[in-house]
Amino acid sequence: TTSAMAKSTAAATPLIVALGSYQALKQTKVIDQVIKLSKSSAPNILDVHSDNLEFDSAAFVDKECIAKQCNPNDWHKFKAWADVIIYRTDQGDVPSHEELINAIHNGTVLCAVPRILHLLGEDIVPSDTAIIEGHDQTKIDNLVNANKRVIAIEELAAFVIVGENAMTIGGEGGSTCHVYTQDESGESITGPLPTTWNEPIPIEEILQFPMPATASHLDALEEHVDTDFVIADDVLPMAALDEECTDNAEEVFPKIVACGRTETLQMQAIVDKVVELSGADLPKVLYVGTASFDRTDRYNVCTKKF
């Protein structure tokens, strides 16, 4: 069958959708990603649940998937049938968790909150990394202080893991995932993950997302964009030699163009106004920015019209 062939080709790659909450499975983007990972147009969905946890599989059924439900003690009876396992339990452990790990490594897609994933061992979640549902700042601070790198998933978002790579699927209201880690001084730093990636990228790269950009980051970024980056410290002394300073007796007023978003600078009317404000026919434009870890070429986005 199509699903059996998909499992055999994905045997060595765990396919996991870590959920901010089970409400994320009502988000169209999350559902579409689950189906895409299954490599079947209408995968078999096995909902493993405790009786007191409510969940509606109608969103999958609407996409012509077949859904079955069972309790945590019986799920292994359906493991050969399932393309996707949604594992929902409020129990302290995962019955037959070794069989669940084997199912994951045989190509079955697992959807679960991070608490379940951590019960499955370090081959699913590395020991120095904590993935958590929700955005509990006290919990996050405690984990960071314990030298953990933290990925916090907002309620309607999902963190999709494909082997050693991952990506964020955003939900309504701008829901996303956040990375927390320590900088060189031991201070906690954070950054929200973009939801615009089309394919997963290395998890190690994601965990460095909040870190300030360095020359090595720029070198890595050049593999994905057209811009040739240079380090500012190497350029500024050279630029200073070319700079001509003149005294201006006239009063100078601040001139600021506040943009709603980066793409604003792709609008010709806005670019014309910036040029007009500069007072020069061909103004010199200095782009100040960091390496774009979302792999978009923001330098070209901001300067192409100029």
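Bear in mind these aren't lab numbers, they're just calculated from the coordinates by the rules spelled out. The structure presented is a predicted model; accordingly, all values stated were derived computationally and were not measured. So basically every Cβ, Gly included, is an ideal-geometry build from the backbone, and we count neighbours across all protein chains shown.
Arranged by the count of other C-beta atoms within 10 angstrom, fewest first, what order do Thr129, Thr168, Thr13, Thr138 take? Working shown, then result.
Details: Thr129 18, Thr168 25, Thr13 15, Thr138 7.
Exposure proxy ranking, most exposed first: Thr138, Thr13, Thr129, Thr168.
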Each label sits 7 Å from Cα toward the beta-carbon; between Asn147 and Ser127 the label points are separated, in nm, by 1.1 nm
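Rounded to the nearest 5, what % of the DSSP beta bridges within the stretch 2-207 are antiparallel ones?
50 percent
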Extension gain from Asn102 to Arg261, taking 0.36 nm per residue of separation minus the Cα-Cα distance
52.7 nm
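Between Lys284 and Ala269, what is 0.36 nm times their sequence separation minus the Cα-Cα distance? Round to one decimal in nm. Walk me through the intermediate numbers first.
Numbers: separation 15, 0.36 × 15 = 5.40 nm, distance 1.82 nm.
In short, 3.6 nm is gained.
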Eligible lysines near Lys29 by straight Cα distance, threshold 30 Å, same-chain separation 8 or greater:
Lys7, Lys39, Lys63, Lys68, Lys77, Lys79, Lys139, Lys148
Using distinct alpha-carbon pairs, which all enter the 1/r mean, Kirkwood radius of the stretch 2-207 in Å:
17.1 Å
The stretch 118-167: GluC sites (Glu not before Pro) falling in loop per DSSP and having at most 13 other Cβ within 10 Å
Glu122, Glu164
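Explain nothing, just the number: relative contact order of the stretch 2-207, from Cα pairs under 8 Å at least 6 residues apart, as a whole percent. Can you show the working numbers first?
Details: 431 pairs, mean separation 49.6, N = 206.
Once divided by the residue count of the stretch 2-207, the mean separation gives 24 percent.
If R₀ is 41 angstrom, what is the calculated FRET efficiency for the pair Gln69 and Asp183, using the beta carbon separation as r and rounding to 0.05? Please report the intermediate quantities before stating the final value.
Values: r = 46 Å, r/R0 = 1.12.
According to the calculation, E is roughly 0.35.
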If the label point sits 7 Å along Cα→Cβ of Glu204, residues of the stretch 108-124 with amide N under 17 Å come out as 123-124
HN-Hα couplings for the stretch 179-186 via Karplus (6.51, -1.76, 1.60; θ = phi - 60°), in whole Hz with x for Gly/Pro, come out as 9, 10, 7, 9, 8, 5, 8, x
When the Karplus curve 6.51 cos²θ - 1.76 cosθ + 1.60 is applied with θ = phi - 60°, which whole-Hz ³J(HN,Hα) does each residue of the stretch 275-287 get, with x for Gly and Pro?
4, 4, 5, 5, x, 10, 5, 10, x, 7, 10, 9, 8
Sort Asp136, Asp281 so that the residue with the fewest other Cβ atoms within 10 Å of its own Cβ comes first and the one with the most comes last.
Asp281, Asp136
Evaluate the distance, in nm, between pseudo-label points positioned 7 Å from the Cα of Lys305 and of Val61 along their respective Cα→Cβ axes.
5.0 nm
